[in-house]
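Novice: Quick one: the structure is below, questions incoming.
The values are calculated or read from the model by the stated rules, or taken from the named source; none is laboratory data. This structure is a prediction, so every number in the text was calculated from the model and none was measured. Ideal geometry is used to build each Cβ from the backbone, glycine not excepted, and the neighbour counts take in all protein chains shown.
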Amino acid sequence: MSEVLELKTIHDYNEFLGLETLNPLVGIVDFSKVKVLPHRRKVGTFYAIFLKEKVHGPITYGRGKYDYQEGTLVFVGPGQVAGIDDGGVTENPQGYALLFHPDLIRGTSLGKRMKEYTFFSYEVNEALHMSERERQTVLSCFREIEEEVQHSIDRHSRSIIVANIEVLLNHCLRFYDRQFATRRAINSGVLARFEALLDDYFSSDKPAELGLPSVAWCADQLYFSANYFGDLVKKETGRSAIECIHLAVINKVKDSLMGTDKTVGEIAYEVGFQYPHHLSRLFKKVTGCTPNEYRAGRDQA
């Protein structure tokens with residue numbers, strides 16, 4: 001495996017491709033202007049959105065590999081390693097990329113909203129697969145940004161470029177919503193596996209040993225990134241993944257309260273709480289009563 005190429009600036013990336021840098025904080029790459037694309041794993045300090053239409057070989061990204069399909073959009077955040085790692089090259093590549101540095105959006109409304117665009121932390125196999133109409137929308141946004149980047153820099157440049165990037169990212173949110181919706185049948189299978197995972201977890205000794213399962217742990221067990229998994233669960237159930245975990249643990253606690261004479265403290269440790277009052281607080285938040293009040297209702301029935 002070759003050494004990861006560190007790209008500290010957008011200029012570094014352009015230099016790697018043999019392209020001119022027009023703006024140090026943002027750039028549009030037209031891969032048709034690159035005669036030969038060396039295959040390297042790279043890590044940058046900037047955001048990148050890739051629409052590559054001719055790539056030979058799988059892309060290494062995060063923990064896995066992915067074969068691009070035409071019309072696929074992949075998002076890479078600062079500090080993420082991505083690229084082809086086979087020592088080869090792609091001749092006459094096709095496609096586009098948008099690169100923008102966090103400093104470009106710092107202090108802007110987009111900068112404050114970037115955490116909403118969770119797809120920058122998705123695994124590459126969770127890429128956005130676009131229809132031709134969606135692809136044309138993305139290309140139109142790229143062209144708008146490219147036109148402004150090629151314009152002489154003035155006091156309006158930054159605000160116009162940032163506004164266009166925000167429009168693009170909002171389109172991508174919409175397209176991901178469509179992708180989640182069109183994959184509903186597949187997603188229902190994921191939710192069933194999630195429920196089974198939680199059932200198995202709380203029926204084992206793991207809670208006492210490891211504590212409550214985290215969203216990241218559940219996502220990893222189901223082969224998703226934490227952000228993609230959280231977004232999928234939220235869109236399918238209306239609840240966050242952590243809320244689903246809390247509901248699962250509360251149901252387990254209810255079973256113990258109704259079916260055994262164990263103390264609340266004993267039950268708390270069994271389901272993964274370090275302190276009983278943490279369970280009592282969550283139980284009341286979810287059910288509206290304390291564990292002891294819930295058990296008292298059983299005894300009165």
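Novice: Only one of 266, 236 is among the acidic types (Asp, Glu) and either within 30 Å of residue 119 (Cα to Cα) or in the same structural domain as residue 123 (by TED's automatic domain parsing) (or both); which? Lay out the reasoning, then the answer.
Specialist: On the way: 266 fails: either within 30 Å of residue 119 (Cα to Cα) or in the same structural domain as residue 123 (by TED's automatic domain parsing) (or both).
Testing whether each residue is among the acidic types (Asp, Glu) and either within 30 Å of residue 119 (Cα to Cα) or in the same structural domain as residue 123 (by TED's automatic domain parsing) (or both) leaves just 236.
Novice: Quick one: in the range 22-50, of everything that is more than 19 Å from residue 78 (Cα to Cα) and in contact with a helix residue (DSSP H, G or I) (Cβ under 9 Å, 6 or more places away or on another chain), which residue is surrounded by the fewest Cβ atoms within 10 Å (Cβ to Cβ)?
Specialist: Residue satisfying both the conditions and the ranking: 33.
Novice: Here is a follow-up. Residues to consider are 228, 275; find the one that is among the aromatic types (Phe, Trp, Tyr) and loosely packed, with under 15 Cβ neighbours inside 10 Å.
Specialist: 275
Novice: Can you name the condition, by its number, that residue 252 falls short on among (1) part of a helix (DSSP H, G or I); (2) under 14 Å from the mean Cα position of the chain (by Cα)?
Specialist: (2)
Novice: Name the residues in the range 158-214 that are closer than 28 Å to residue 282 by Cα and aromatic (Phe, Trp, Tyr), would you?
Specialist: Answer for the range 158-214, where residues must be closer than 28 Å to residue 282 by Cα and aromatic (Phe, Trp, Tyr): 194, 201, 202.
Novice: Might you check whether a residue that is out of contact with any strand residue (DSSP E or B) (no Cβ under 9 Å at 6 or more places or on another chain) and more than 29 Å from residue 174 (Cβ to Cβ) occurs anywhere in the range 224-241?
Specialist: There is no residue in the range 224-241 that is out of contact with any strand residue (DSSP E or B) (no Cβ under 9 Å at 6 or more places or on another chain) and more than 29 Å from residue 174 (Cβ to Cβ).
Novice: Are there helices (runs of 4 or more DSSP H) fully within the range 106-195 with at least 1 residues that are at pLDDT below 90? List them.
Specialist: Passing ranges, in order: 132-150, 157-182.
Novice: Something else about it: Are any residues in the range 208-243 over 30 Å from residue 265 (Cα atoms) and aromatic (Phe, Trp, Tyr), and if so, which ones?
Specialist: Within the range 208-243, 223, 224, 228, 229 meet the criteria.
Novice: Based on this model, can you work out whether residue 275 counts as free of Cβ contacts under 8 Å to residues at least 40 places away in the same chain and in the same structural domain as residue 201 (by TED's automatic domain parsing)?
Specialist: Criteria met by residue 275.
Novice: Does residue 293 meet the test of being farther than 26 Å from residue 227 by Cα and in a helix (DSSP H, G or I)?
Specialist: yes
Novice: Pick out the one residue from 215, 162 that is touching a Gly at 6+ places or on another chain (Cβ under 8 Å), without any contact (Cβ under 8 Å) to a residue 60 or more places away in the chain and at negative phi.
Specialist: Working: 162 fails: touching a Gly at 6+ places or on another chain (Cβ under 8 Å).
Being touching a Gly at 6+ places or on another chain (Cβ under 8 Å), without any contact (Cβ under 8 Å) to a residue 60 or more places away in the chain and at negative phi holds for just one of 215, 162, which is 215.
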